[in-house]
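Below: one structure, written as structure tokens.
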Amino acid sequence: QVQLVESGGGLVQAGGSLRLSCEASRSIVNINARGWYRQAPGKQRELVARITSGGSTNYADSVKGRFTISATNAKNTVYLQMNSLKPEDTAVYYCNQEGLYRDYWGQGTQVTVSS
């Protein structure tokens, strides 16, 4: 059973930075894309950033210019560099990896941005 393990969340002041990491417990073949989603209390889960196996990226409008997604094939790792954080970025962030037959999800990591 593949598990995605996220790390890097925490508490930061507005304007600060965090880097999230997501590593698969074992190799996943035929990854189509990797991404980060977030869910704030009382809100639906939303896409934050996504990177395809070909390197194409897309971002939520609210994070463009502040967040950067990157990935390596080593241990199916995906990163999210978050700069200029705002209180509205506070949420649980989830890693996602789109396999050939199914999606894989991490357990989530809390990001809290204080004003």
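The values are calculated or read from the model by the stated rules, or taken from the named source; none is laboratory data. Everything numeric here is computed off the predicted structure, so don't read it as measured data. In this analysis, Cβ positions are derived from the backbone assuming ideal geometry, glycine residues included, and neighbour counts consider all displayed protein chains. Just so you know, the surface numbers come from the protein's heavy atoms only, side chains and all, with ligands and any DNA or RNA stripped out. Shrake-Rupley method; radii C 1.70, N 1.55, O 1.52, S 1.80 Å.
The table that follows gives values for the structure above.
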read-out	value
Filtered residues of the stretch 1-44 (kept if under 12 Å from Gly108 (Cα atoms), in contact with a Gly (Cβ under 7 Å, 6 or more places away or on another chain) and open to solvent by 60 Å² or more (accessible area, probe 1.4 Å))	Val5
Answer from Gly65, Gly35, Gly54, Gly15 - the residue that is of a type outside the set (A, V, I, L, M) and part of a strand (DSSP E or B)	Gly35
Filtered residue count, the stretch 68-103, keeping only those that are in a strand (DSSP E or B), open to solvent by 20 Å² or more (accessible area, probe 1.4 Å) and modelled with pLDDT of 95 or more	6
The stretch 104-113, residues that are open to solvent by 40 Å² or more (accessible area, probe 1.4 Å) and over 20 Å from Thr57 (Cβ atoms)	Gln107, Gln110, Thr112
Within the stretch 7-33, tally of residues that are basic (Lys, Arg) and modelled with pLDDT of 95 or more	1
